[in-house]
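The block underneath contains the structure these notes are about, expressed in structure tokens.
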Amino acid sequence: MRATARVLDVRDGRALLSCDVEAAACDGCRSGRGCALRWLARSAGARLEVPDTSADGRRLVADDGVALEVSDGELLRATALAYVPPLVGLLAGPLLERAVSAGGDGVSAVIAAAVGLALGWGASRAWLRRSPPRYELRVESRQ
């Protein structure tokens, strides 16, 4: 996956990028159908903070045009880390509740599913923060 962005500010060894949402959008967004990710996106564009050095060792400066590239394998790994733990929690919660209790009602199974989903989401979030997807940042244009 490849996305373009513009450097907004460089401070304390970090660069703040404003990503071009249309360049990174899927075919559904480009065709106007939209998806949940587009509904959640800010109209001003996505913001990303990265180290202030590109893949070739050049320092970024404000108004640089940059390209972010994520390999397909990294994208697949990040997607699996984001979706599998919540799904496992959603399915394991009611199974665990049923094994522990002698016979419960449907409400307790729904509560157990919600708790499992929340725990899975928390685990997924912590895992991705500890091991984010690897990317390459290249300067495309200097201003």
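Computed from the coordinates by the stated procedures, all read-outs in this text should not be read as laboratory data. Quick caveat: nothing in here was measured; it's all calculated off a predicted structure. Cβ sites come from the backbone with ideal geometry, for glycine too, and all protein chains shown count toward neighbours.
The figures follow:
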item	result
Amide H contacts under 5 Å for Asp20, placed H, 5+ residues apart	Thr4, Ala5, Arg6
FRET efficiency estimate (nearest 0.05) - Cβ-Cβ, Val100 to Arg129, R0 22 angstrom	0.10
Computed label-point distance, nm, for sites Ala109 and Ala92 using a 7 Å Cα→Cβ extension	2.0
Within-15-Å neighbourhood charge of Ser54 [Cβ basis; K, R +1; D, E -1]	0
Table column - 3J(HN,Hα) (Hz), segment 67-79, Karplus curve with 6.51, -1.76, 1.60, x for Gly and Pro	10, 9, 10, 10, 5, 4, x, 5, 5, 5, 4, 5, 5
Other-chain or far-sequence residues with amide H under 5 Å of Asp9's (modelled H)	Leu16
